[in-house]
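A short write-up of the structure that comes next.
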Amino acid sequence: MGDFCHICVKCIYQQFIRETVEKGIKAGEFKKEWDARIFATKAYAMIEGGILVSRVTGNNDQMNVLINILKAEIDGNSR
C-alpha cells in the first residue's frame with residue numbers, strides 16, 4: 001500500500017507542475033514549444049534527488065545548484 005500512495009503523490013506533484021506550465025503557455029507567459037510533460041518529470045526528479053542528497057550530506061549546496069538549473073530553464077522558456 002505504501003508504494004501505491006507514493007506513486008499517487010508523485011503523479012499529483014508532476015501533474016501540478018505540468019498543468020502550471022501548460023497554463024503559462026496558454027496565457028502567453030511561456031514559449032509554445034516548451035514540453036510541459038518533460039519539464040514536470042525532470043523538475044520532480046531533480047527536486048526529489050536534491051532532497052535525498054541534502055538529507056544524506058547534511059547540506060543544501062547541491063539542492064541550490066539544482067534549483068538554479070530549474071530557474072534557468074524556466075527563465076529560458078519565459079516570454
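The values are calculated or read from the model by the stated rules, or taken from the named source; none is laboratory data. Bear in mind the structure is a predicted one, so any value in this text is a computation, not a measurement. Positions of Cβ are generated from backbone atoms using ideal geometry, with glycine treated the same way; all protein chains shown enter the neighbour counts.
One table, with the values for the structure above:
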item	result
Set 9, 21: member being assigned to a helix (DSSP H, G or I) and at pLDDT 95 or above	21
Pick from the stretch 45-68, criterion among the polar types (S, T, N, Q) and outside any helix (DSSP H, G or I), ranking: surrounded by the fewest Cβ atoms within 10 Å (Cβ to Cβ)	59
Condition check for residue 39: of a type in the set (A, V, I, L, M, F, W, C), modelled with pLDDT of 95 or more, surrounded by 12 or more Cβ atoms within 10 Å (Cβ to Cβ) and over 12 Å from the mean Cα position of the chain (by Cα)	no
Criterion (of a type in the set (Lys, Arg), free of Cβ contacts under 8 Å to residues at least 40 places away in the same chain and not in a helix (DSSP H, G or I)) met by exactly one of 32, 42	32
